[in-house]
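J.: Just dropping this structure here.
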Amino acid sequence: MAKKQKITRKKLLKEPDEFITTTGRLIRWSRRHQTLLLGVGGAFFIVLIAIVGFRYMANRAENKAFGLISQALATYESRKNTENAAAAYQEVKKEFETVLKKYKHTTAARMAGVVFADLCLKAGDTGRAITLYEHALKALPQESTLTNFIQSSLGYAYEKKGDLSRAIGFFQTIASGEDPVLKDSALFNLGRLYGELGNTSKSREAYKRLIAEYTDSIYYEIAKEKVAG
């Protein structure tokens, strides 16, 4: 069993890149719940493939599209490590656009849209990221495993855009839904964002609910500090 990585209070409050992408949260959630074994470099793509199922790879169009995405991601990881996320994004965006256009009816393209949205957000192309996330959300079947992950990413994207009210709306949808995935994270973000807006009452309410319902959450201790302070 892999050793659980300690996430510091500073990282949680700083909101680093790995905490604002759909695929990043998929990896962390999968690790915490031991549902997938992940490697390094391109691991987020492995998660998405696993969710959809390898049976789709038997289809020629799916196979071709997945191959193009995999190659683009390898290029992205290499370029990002030597330069930065913005440069890597510029290097591979044409490949993702090709998949989204040429193979638009495939499952691979739907998954590519989510991955591409993540890359857009990391590169600072927030508007395009939001468009891609919203399109992906509409295309998802009801009760999809990815729904909360994409809604959470939209929350972060709208926050990055400066629209805190819209951001709160997405986190509230997760917090009030029946699916437990990312609920603790949504409550933490509600507490944080309401605090930024000066709504102390709603901020404390969100933190208190997190404390009461998610004692094993990575946000638990911070929420306790917020309520006590």
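Values quoted throughout were computed directly from the atomic coordinates according to the rules given, and no laboratory measurement underlies them. Keep in mind that what you see is a predicted model, and the values were worked out from it rather than measured. Using ideal geometry, Cβ is built from the backbone for each residue, glycine included, and neighbour counts are taken over all protein chains shown.
This table checks each residue for (1) small (Gly, Ala, Ser); (2) more than 21 Å from Ala65 (Cβ to Cβ).
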{"site": "Ala117", "(1), (2)": "yes, no"}
{"site": "Ile130", "(1), (2)": "no, yes"}
{"site": "Lys138", "(1), (2)": "no, no"}
{"site": "Phe171", "(1), (2)": "no, yes"}
{"site": "Asp184", "(1), (2)": "no, yes"}
{"site": "Gly198", "(1), (2)": "yes, yes"}
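J.: For region 177-200, how many residues are touching a residue at least 60 places away in the same chain (Cβ under 8 Å) and among the small types (Gly, Ala, Ser)?
T.: The total comes to 1.
J.: Further question: Please enumerate the residues belonging to region 173-197 that are among the polar types (S, T, N, Q), more than 14 Å from the chain's Cα centre (by Cα) and within 19 Å of Lys226 (Cβ to Cβ). Talk me through it step by step, then tell me what you get.
T.: Of region 173-197, the ones among the polar types (S, T, N, Q) are 173, 176, 185, 189.
If we keep only those that are more than 14 Å from the chain's Cα centre (by Cα) too, we end up with 173, 176.
Hits for region 173-197: nothing passes.
J.: When the residues of region 152-176 are filtered to those that are without any contact (Cβ under 8 Å) to a residue 24 or more places away in the chain and not hydroxyl-bearing (Ser, Thr, Tyr), which remaining residue is surrounded by the most Cβ atoms within 10 Å (Cβ to Cβ)?
T.: The extreme case among them is Phe171.
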